[in-house]
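These notes concern the structure reproduced below.
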Amino acid sequence: MNRKQQVNAAFSAASRFYEEAARAQAISAGFLADLVAELPRSACPQVLEFGCGTGLLTRKLHPRLGGDWLVTDLSPAMLETAESALPGPRYQVLDAEDPHVDQRFDLIVSNLAAQWFADLPAAAAKLAGLLTPSGHLVFSTLGEDSFREWRQAHDACGVACGVPRFPSAATLASGLPHARVVEQTFRLDYADGRAFAAELKRIGAGTPAPGHRPLGVASMRRVFQALGSPCAMTYHVAHVIISRE
């Protein structure tokens, strides 16, 4: 099973319980929806959403924009959950890194899915190619300061952290031509490190960085102790806006 298949399987398994644990995703979706609502748009926009998950962003943004929506995800289970919560838009399984659609869009949008791309600049270029002349590609992804406390606890114990490295806002802006990056930082509280790790697993986000070997029980116990109880975790979200014009 390759990495994309691993990620798909993890999110599909989490579809039933995702929204109970997706606190950070809900906060990011609200921020992103406000950014998108401020952009110029047509009265009835053609919208593509990729990586919709259970539809957190769809439900926040669809009523505000209207228009014709194609809502997509790599996971059929996630799509089924999203459609049951908001019938009306079209729903379709789609790999956003290789988007085969015969249509142009006024808006392409996504919340906290792009960090799973193997090649974000290449995927963004393909998606931007699906925009109308006045269209916008707007997506959020995790930034470099995300899970800072988790990394520090691993460093204190001298063990490797399995969380992937995320790009800085400057790196995103330089690697995505004509991109504007709006940063959002917030912290969430947890009873302890086990609660944080369990939340990641419940939303399907527990797939480690490529090549990471899971820590043994004793090492994980030391990480949890270094993190402390209770603890807080930083979420650094980069909201990227690319306008075709």
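Key figures
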item: Qualifying residue in the range 146-156 (condition: touching an Asp or Glu at 6+ places or on another chain (Cβ under 7 Å) and buried (at least 21 other Cβ atoms within 10 Å of the Cβ)); result: no
item: Tally, over the range 11-55, of residues that are out of contact with any Leu (no Cβ under 9 Å at 6 or more places or on another chain), of a type in the set (A, V, I, L, M) and either crowded, with 18+ Cβ neighbours inside 10 Å or modelled with pLDDT of 90 or more (or both); result: 2
item: Qualifying positions in the range 107-145 - touching a helix residue (DSSP H, G or I) at 6+ places or on another chain (Cβ under 7 Å) and either surrounded by fewer than 21 Cβ atoms within 10 Å (Cβ to Cβ) or among the small types (Gly, Ala, Ser) (or both); result: 114, 117, 120, 121, 140, 143
item: Selection status of residue 5, farther than 19 Å from residue 238 by Cβ, modelled with pLDDT under 95, more than 13 Å from the chain's Cα centre (by Cα) and outside any loop (DSSP other than H, G, I, E, B); result: yes
item: Every residue from the range 97-110 that is modelled with pLDDT of 95 or more, in contact with a Lys or Arg (Cβ under 9 Å, 6 or more places away or on another chain) and of a type outside the set (Asp, Glu); result: 107
item: Any hit, the range 32-51, residues being assigned to a helix (DSSP H, G or I), in contact (Cβ under 8 Å) with a residue 60 or more places away in the chain, touching a helix residue (DSSP H, G or I) at 6+ places or on another chain (Cβ under 9 Å) and among the aliphatic types (A, V, I, L, M); result: yes
item: Top-ranked residue of the range 189-227 - restricted to ones that are at pLDDT 95 or above and in a loop (DSSP other than H, G, I, E, B), ranked as farthest from residue 158 (Cα to Cα); result: 191
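The values are calculated or read from the model by the stated rules, or taken from the named source; none is laboratory data. Since we're looking at a predicted model, the values are computed, not measured. So basically every Cβ, Gly included, is an ideal-geometry build from the backbone, and we count neighbours across all protein chains shown.
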